[in-house]
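Step one of this worksheet: look at the structure below.
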Amino acid sequence: MAPSVRVMHEFLKSQLCVTVPEPTTSFADRVVIVTGGNVGLGLETARTIARLGAAKVIISSRSTAKGEEARKSILESLPVDENKSHDGSRIEVWPLDLCNHASVRAFAARANALPRLDALICNAGVATMNFSMAEGHESTITTNVISTFLLSLLILPALKRTAAATRSLAHLVIVSSDVHFFTDFAERKHAAGAPGSLFAALRDEQKSDMMDRYNVSKLLEVFVVRELAALTGNNNNNNNNNNNNNNNNNNNTPYPVVISAPNPGFCTSELRREAYEGSFAIRRGMRLIEAMLERTTEEGARNFVHCAAAGTDYHGQYVSDGVPKEPAALVLSEEGGRLQKQVWAELRDILEGIEPGVTKNI
């Protein structure tokens with residue numbers, strides 16, 4: 001879908017005229033997990049949180065060797081005296097493959113055994129134009145949506161326990177992107193509201209637009225984060241699409257876990273590596289766009305760190321440039337309200353099929 005003039009104006013203004021504020025909130029005593037923390041945005045997120053004093057930062061990686069390289073990089077960037085006094089134990093590397101539900105379960109079990117967990121930053125994701133299946137769904141949807149929320153709901157009990165024990169907010173950060181503005185979500189046209197029809201279309205190669213698939217996955221994340229906010233009874237989204245009279249927290253007590261969907265903006269990222277496998281013209285075009293517009297990876301990661309320390313006003317919010325912003329027009333539309341409910345209903349059934357009872361963790 002071609003973005004509107006307003007959307008392009010906001011994108012360019014953000015990239016060219018806005019600097020995301022550097023996070024300054026102390027993470028002293030806090031324990032934080034960053035998935036995909038071995039490269040790019042995840043690595044810079046972990047590095048910043050470690051610099052802000054976190055007691056422990058756990059990064060996930062599919063490759064143990066790459067994870068250890070990232071761990072070494074983070075430790076070397078910290079003040080020497082701090083590095084020595086903690087003997088490197090502040091940074092841990094845990095294996096995680098979001099294309100494998102057994103790996104997700106094992107990671108979550110390990111996280112739930114921690115005596116404290118203050119934040120889970122779900123940064124790991126994939127962007128590919130090649131259709132392939134993983135765990136019964138197209139691999140982008142499995143990784144960026146199904147396994148991301150499976151992991152999140154499995155770990156929610158640990159976040160809630162920490163919030164109760166410390167009498168402070170815990171945080172679940174689902175990394176989204178402004179590319180959700182750029183999708184028309186064409187696959188929805190193959191679904192007539194029948195149960196399971198949206199995710200069925202997304203796993204049908206003949207109905208899938210893989211050029212748009214990453215954008216769609218980021219849109220689905222925004223829908224689910226907003227619906228989780230509605231379900232928990234602390235919804236900061238003012239449109240009527242999220243009204244839910246059967247929420248799990250219908251009093252005025254804030255939900256103990258702030259759930260948000262930050263956008264890093266267009267920045268240096270490993271996700272575009274497939275684009276560089278294309279023609280010379282595509283590679284030159286990408287290099288030119290990057291030179292003109294992209295942020296540093298460190299600046300993009302600031303959005304995630306802000307969300308990992310935010311107050312209840314960030315709950316259910318799409319966050320860009322460090323502050324809550326309106327998501328795409330489709331999300332806010334009447335159709336978007338229906339899609340949001342359908343996306344959650346289908347995802348809920350998928351998650352319950354993988355791990356019965358997991359949605360009760362909400």
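The table below lists the values:
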| quantity | calculated |
| --- | --- |
| Ranked list, fewest to most other Cβ atoms within 10 Å of each Cβ, for His315, His306, His9, His137 | His9, His137, His306, His315 |
| Rel. contact order, % - alpha carbon contacts under 8 angstrom, at least six apart, region 28-151 | 29 percent |
| Long pairs among Lys13/Lys160; Lys56/Lys360; Lys72/Lys325, criterion Cα-Cα beyond 30 Å | Lys13/Lys160; Lys72/Lys325 |
| Simple Cβ-charge dipole of region 79-223, Lys/Arg +1 and Asp/Glu -1, about Cα centre, in debye nearest 20 | 580 debye |
| Peptide ranges 89-98, 183-192, 255-264 listed from the most packed, as the mean C-beta count within 10 angstrom indicates | 255-264, 89-98, 183-192 |
| Burial ordering of Arg6, Arg295, Arg338, fewest other beta-carbon atoms within 10 Å first | Arg6, Arg338, Arg295 |
| Proxy reagent accessibility, fewest Cβ within 10 Å first, across Ile49, Ile58, Ile354 | Ile354, Ile58, Ile49 |
| Residues whose placed amide H lies under 5 Å from that of Ile259, excluding near-sequence neighbours | Leu172, Gly316 |
| Charge dipole magnitude, Cβ of K and R +1, D and E -1 - the chain, Cα centre, debye nearest 20 | 480 debye |
| Cβ-derived FRET efficiency at R0 35 Å, Val80 paired with Arg6, nearest 0.05 | 0.10 |
| Cα radius of gyration and Dmax for region 1-128 (Å) | 17.0, 53 |
| Where trypsin sites (Lys or Arg not before Pro) fall in DSSP loop in region 101-172, at most 11 other Cβ within 10 Å | Arg167 |
| Candidate aspartates and glutamates - alpha carbon under 12 Å from Lys207, same-chain residues fewer than 8 apart omitted | Glu138, Glu187 |
| Whole-angstrom gap from region 86-143 to region 36-82, using each part's C-alpha centre | 16 Å |
| Net charge dipole size for region 1-157 [Lys, Arg +1 and Asp, Glu -1 on Cβ; Debye, nearest 20] | 100 debye |
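Read the figures in this text as sums done on the coordinates, not as results from a lab. Keep in mind that this is a model prediction, so the values were computed, not measured. Please note: Cβ atoms are built from the backbone with ideal geometry, for glycine as well, and neighbour counts cover all protein chains shown.
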